[in-house]
Structures are given as C-alpha cells and as structure tokens.
C-alpha cells in the first residue's frame with residue numbers, strides 16, 4: 001500500500017519552497033531540499049523576497065531625472081508604409097484641404113455668378129474659418145461617444161453633403177451656410193483622424209502615421225488647389241465643388257472598407273473629458289499650435305504682393321513659386337513625422353528656431369529671384385514639419401481624451417490662421433514695406449519657442465514630482 005505523505009509542520013512549506021527557490025533556478029531547488037546541507041533556508045528566502053520587492057519598485061516608479069532620448073538616426077531607418085487605411089484618411093485630408101483653399105482662386109467667378117461684390121464673396125472664406133473654430137468643440141462633444149470609425153464616416157458624409165450644397169447653391173446666403181456646414185467637419189475629421197492614424201501604427205511610428213494622413217493636405221496645396229481652380233475657371237466654379245464632393249465620396253468608401261473597427265468608448269459624462277484642459281501642458285500645447293499657424297499666415301497671406309512687388313515675379317511665375325513651396329510642405333510633413341517619433345517637444349523647439357532663421361533670411365533673399373525660390377522651399381519644409389509634432393504633443397498630454405484634445409487643437413490651428421493674417425496686416429496699415437513683413441512671423445515664432453521652453457520646464461517638474469511620490 002502506498003505510504004501517505006505527511007504535511008509539513010509549517011503548512012504548505014513544500015509549495016513555498018518551490019515558488020521561491022525554484023524561481024531562482026532548478027539547481028537552487030535541489031540544493032536546498034529539507035535536510036540538505038547549505039545556507040540557512042530562511043536567509044535564502046528573505047534574500048529572494050528583497051529582490052522581488054526591488055524589482056516591483058522599479059516597475060512602479062520610473063527612474064528619476066529626464067528619460068533617455070532615443071537616437072533619431074536609428075528611428076529614421078524604418079519607414080512606415082502607406083497602408084490602405086492610412087491612404088483612405090489621406091484622401092479625406094486631400095479633399096478637405098482642397099475645398100478650404102480652392103475658393104480663393106474662384107472668388108471673382110462666385111461674385112459675378114451670385115451678383116455680389118468681391119469683398120462680400122471674400123466673407124465666404126471668413127465664414128469657413130469661423131465654422132472650423134466653432135465646429136471643433138461642438139463636434140468634439142457630439143462624436144465623443146462614437147467609435148472613431150463611425151465618427152469619421154459621419155464627418156465625411158457631412159463633408160460630401162456640404163460640398164454638394166455648395167455646387168448647387170442658388171443664392172449667396174445658401175452658399176455661405178453650406179460652407180459653414182462643410183467647415184464643421186474640418187477640425188473633427190483631422191482631430192479624430194489623427195488619433196485613428198496613430199493607432200494604426202506601432203508605438204515608435206505613431207507620428208509618422210499622422211504625417212501620412214496629413215500628406216493629403218500637402219498634396220492638396222500642390223495639386224488640388226491649382227487643379228480645382230483651373231477646373232472652376234474652365235467649367236464654372238460649381239464644377240470644382242462637385243469634384244471635391246466626389247473626392248469625399250471616395251474617401252468615405254475607403255474609410256468604410258479599410259479602416260478597422262475600434263472598441264466603443266466607455267460610457268460616462270462627456271463634459272468630464274474637458275477636465276484635461278486643466279493641465280497647463282495641454283493648453284500650452286494648443287497655444288504653440290496657434291503660434292505656429294499665426295507665424296505662417298502672417299507672411300503667407302501676403303506672399304503674392306511680396307513676390308510681385310519685392311522680387312519682381314509675374315503672376316504666372318508666382319504660381320510656380322507656390323508649387324515649389326508646396327513641394328517643401330510635402331518634404332517637411334515627412335521629416336516632422338519622423339522627428340516627432342524621436343522626441344516631439346525637442347523637435348518643436350528646434351523647428352521654431354528654424355522657422356525664425358528662414359523668415360529672417362527671407363527679408364534679404366526676397367530681393368533675388370533664385371534665393372527666393374530656395375527660401376520658399378526651405379520655409380515650406382520647416383513650417384509644415386511642425387504640424388505632426390504639435391499634434392502628437394497635445395495627444396500625449398491628454399491620453400484620457402485624445403479625440404477631444406486632438407479636435408480642439410485643430411481649432412487652435414485655425415485661430416492661428418485668422419490671427420496671423422490680422423497681425424501681418426498691422427505693419428502694412430502703418431506703411432511698412434513688404435520685405436519687412438517676415439519679421440512679424442519671426443516674432444510670433446519666438447513666442448512659440450518661449451512656450452516650448454515653458455513646456456520643457458513643466459515636464460521636468462512633473463517628472464521630479466513623480467520620482468518624489470515613488
């Protein structure tokens with residue numbers, strides 16, 4: 001008959017011995033059987049428990065001091081491919097970028113067809129910008145409880161409907177209303193689309209994924225706006241909006257087919273997500289986005305008179321200069337995505353310095369045709385390289401409400417667009433020369449750099465507080 005095993009005096013001592021000594025190594029388990037010679041078992045168990053405590057503490061509390069900075073060269077060696085979901089988002093960005101700016105080249109045609117003055121037709125541009133700013137928080141709240149894919153489909157459907165209304169609008173008032181409706185989808189699509197694009201990529205390539213989506217916006221400036229203007233001048237301005245509606249329908253189909261479903265957000269009070277705005281780093285990140293756009297539009301709004309009156313280009317030549325500038329935007333978009341995956345905040349600081357240098361140089365190079373072309377390309381690179389790092393910064397600082405903050409950040413960009421054009425016009429109203437206008441952009445970029453330095457200080461303070469709490 002089999003001999004029954006007696007339980008040890010200490011309870012399940014054999015199990016404890018297996019877990020502690022066996023976890024170290026099988027040899028340690030065999031060497032410290034009950035009765036075997038060797039070190040005191042209580043000493044070995046205590047030593048092993050101290051090691052476990054130390055490892056747990058390291059996992060719970062990050063090391064003090066600034067985190068190690070990865071090598072940007074190593075990160076840059078792996079490129080993210082343009083997958084079908086990212087391509088669908090990029091097509092949507094292309095359509096939105098085209099419809100936003102194509103109206104500027106068609107204002108005389110619109111004014112003539114609807115029997116209004118050109119200044120009145122120009123208010124359509126202002127109405128669109130106002131719609132983006134107002135629509136950002138409204139759509140952020142309305143779509144907060146939607147799955148991202150469903151929200152993107154709904155927003156693109158609104159975009160298609162709004163452009164169709166523009167194409168068939170019989171009056172100036174209905175055209176204005178259609179443009180505002182279309183603008184409502186602008187900030188929310190870019191905000192939610194940026195989060196969705198980042199989730200489609202590995203952790204170390206999230207900013208690259210966002211830059212691939214924003215590539216649709218840069219291509220719109222290079223091809224979409226000139227092509228839409230030429231189409232409108234040949235077939236009528238309504239044809240341009242009908243074509244943009246078709247592009248939106250293609251994007252909608254691509255999102256429906258290729259973008260994967262995501263889990264429905266947890267139920268809760270949507271307004272509580274606005275609590276993330278209590279973090280100063282989130283608000284400063286949005287202010288940096290506004291400063292970036294304001295620095296850009298303070299000069300770009302008046303780029304045509306600068307190139308014509310200072311450099312001496314003819315209007316057809318200005319068009320080609322803008323194409324060169326658009327190519328620079330495309331390169332900058334790719335570069336900014338890669339650098340943001342390295343370190344978003346340090347990238348922002350370096351790019352603000354680069355913007356200041358390029359715009360300061362433009363006050364001198366604008367008097368030479370060849371140097372102006374080079375400067376325009378460089379300005380396009382550094383200006384649009386800021387977009388992905390700024391978007392990544394606010395998303396990282398508000399992980400509890402990325403859709404909300406990402407959408408609001410798009411509104412901040414558009415506030416910068418409107419305020420930049422206004423700031424750029426101030427010195428002109430006092431008689432300043434066009435070649436001195438880039439200094440306004442330099443001053444605003446310096447403000448963005450100051451905000452970046454404040455963010456770096458706040459990050460260090462938060463890291464030190466976390467280390468003390470551990």
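Distance between the pseudo-spin-label points of residue 171 and residue 432 (7 Å out from Cα toward the beta carbon): 4.2 nm. Using the Cβ-Cβ distance between residue 157 and residue 314 with R0 set to 41 Å, the FRET efficiency works out to roughly 0.45.
In angstrom, the C-alpha Rg and Dmax of the range 277-470 are 17.7, 65. A Cα-only calculation for the range 82-259 places Rg and Dmax at 15.9, 54 Å. Where the centre of each part is set by its Cα atoms, how far does the range 378-412 sit from the range 419-436, in angstrom? Between the Cα centre of the range 378-412 and that of the range 419-436, the gap is 27 Å.
Based on other C-beta atoms within 10 Å, arrange 186, 367 from fewest to most.
Values: 186 29, 367 12.
If I rank by nearby Cβ atoms, fewest first, I get 367, 186.
Reported to the nearest whole Å, the Cα centre-to-centre distance from the range 325-368 to the range 91-115 is 28.
Here the range 86-124 is scanned for amide nitrogen atoms under 11 Å from the site 7 Å beyond the Cα of residue 304 along Cα-to-Cβ, giving 104-108.
By other beta-carbon atoms within 10 Å, ranking 176, 156, 286 with the fewest at the front produces 176, 286, 156. A crude spin-label estimate for the pair residue 239 and residue 360, with each label 7 Å from Cα along the Cβ direction, gives 4.9 nm.
Order by neighbour count: 408, 252, 321, fewest other Cβ atoms within 10 Å first, most last. It would help to have the intermediate numbers written out before the result.
Values: 408 25, 252 22, 321 19.
Starting with the residue having the fewest Cβ neighbours, the order is 321, 252, 408.
Looking only at Cα atoms, what is the convex hull volume of the range 215-332 per residue, in Å³? Mind dumping the intermediate values first?
On the way: hull volume 21.5 nm³, N = 118.
Per residue, the Cα convex hull of the range 215-332 comes to 182 Å³.
For the pair residue 457 and residue 469 in one chain, pulling the backbone fully straight at 0.36 nm per residue adds 2.5 nm over the alpha carbon distance.
With a Förster radius of 22 Å applied to the C-beta separation of residue 258 and residue 142, the computed FRET efficiency comes to 0.35.
Counting pairs of alpha carbon atoms under 8 Å apart in space and at least six apart in sequence, what relative contact order in percent does the range 335-468 give?
Averaging sequence separation for qualifying contacts and normalising by length gives 38 percent for the range 335-468.
Each label point was placed 7 Å from the Cα along the Cα-to-Cβ direction; for residue 422 and residue 120 their separation is 2.5 nm.
A short reminder: the numbers here are calculations on the coordinates, not readings from a lab. It should be emphasised that the depicted structure is a prediction, and the values quoted were computed from it without experimental measurement. Note that we place each Cβ from the backbone using ideal geometry, even for glycine, and neighbour counts take in every protein chain shown.
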